[in-house]
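K.L.:
One structure is given below, represented as structure tokens, and several questions about it will come after.
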Amino acid sequence: MTSNRVTRVTALADRAPSPADGNVFLASLHTEHREHLLRFTRRLLPTDPHRAEDIVQECLFRAWRNSETLAGKGGSVRAWLFTVARNLIVDWSRRDNARPVVFGDDDFDLLPGGTDFADEVVERCVVEEGLAQLTPMQREALEQVYRHDRTRQRAAVSIGVPVGTVKSRVHHARIAMTEVLACSGVTAAGW
């Protein structure tokens, strides 16, 4: 700090502060510490320069709000600013990791797969409706073969019936599902 600025900061500490004093204090902080603080935050946030700028602004704002306390600190103001910056980075990082990512209506195209969730929900409902119309034995055979991805041999062992029975149940279940899906407007080409 130059001697002129030291005199102004010391004078601020000796009397009751006014709003103008806070502005002078903020201007001197900005001039002296902004570049060092920005370098520090950019080093801690190398992939996010905009957040580094935000942290510097928040540090300076907090220093302005605490100008009465900091004016008397003299040389330790920089250490206070660096501590606040580091704490803000840690807090923002924790907050970002704790909150789930929220997508807006326009962001669904950016999701992997590019499928529309509404269509997926409707398809799932149609399939569940179709499965509900099958006999329990057909449903069990389909679940073993398609949901659990088992061969017809393994499905037969799991269910406890011959392989030919599993093949027959799956065949008839597929025919029934095709009819149910066709009634709902889903063609074989769609699934």
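Every number in this text was worked out from the coordinates using simple rules, so none of it is lab data. The model shown is predicted, which means the values in this text are computed figures rather than measured ones. Glycine gets a Cβ as well: all are built from the backbone with ideal geometry, and neighbour counts include every protein chain shown.
K.L.:
Between T69 and A132, what is the spin-label point distance in nm, taking each point 7 Å from the Cα along the Cα→C-beta axis?
P.N.:
6.1
K.L.:
Moving on. So for segment 127-191, Kirkwood radius off the Cα pairs, Stokes-Einstein at 10 °C and 1.306 mPa s: how many µm² s⁻¹? Provide the component values of the computation, followed by the final result.
P.N.:
Working: Rh = 11.9 Å.
Result for D is 133 µm²/s.
K.L.:
Give me the one-decimal nm value for the distance between modelled label points at E123 and Y146, 7 Å along each residue's Cα-to-Cβ direction.
P.N.:
1.2
K.L.:
Describe numerically, in nm with one decimal, the distance between label points set 7 Å from Cα along Cα→Cβ at S76 and at N97.
P.N.:
A separation of 3.0 nm, rounded to one decimal place.
K.L.:
Could you tell me the distance between the Cα centroids of segment 130-174 and segment 42-68, to the nearest Å?
P.N.:
Cα centroid of segment 130-174 versus Cα centroid of segment 42-68: 62 Å apart.
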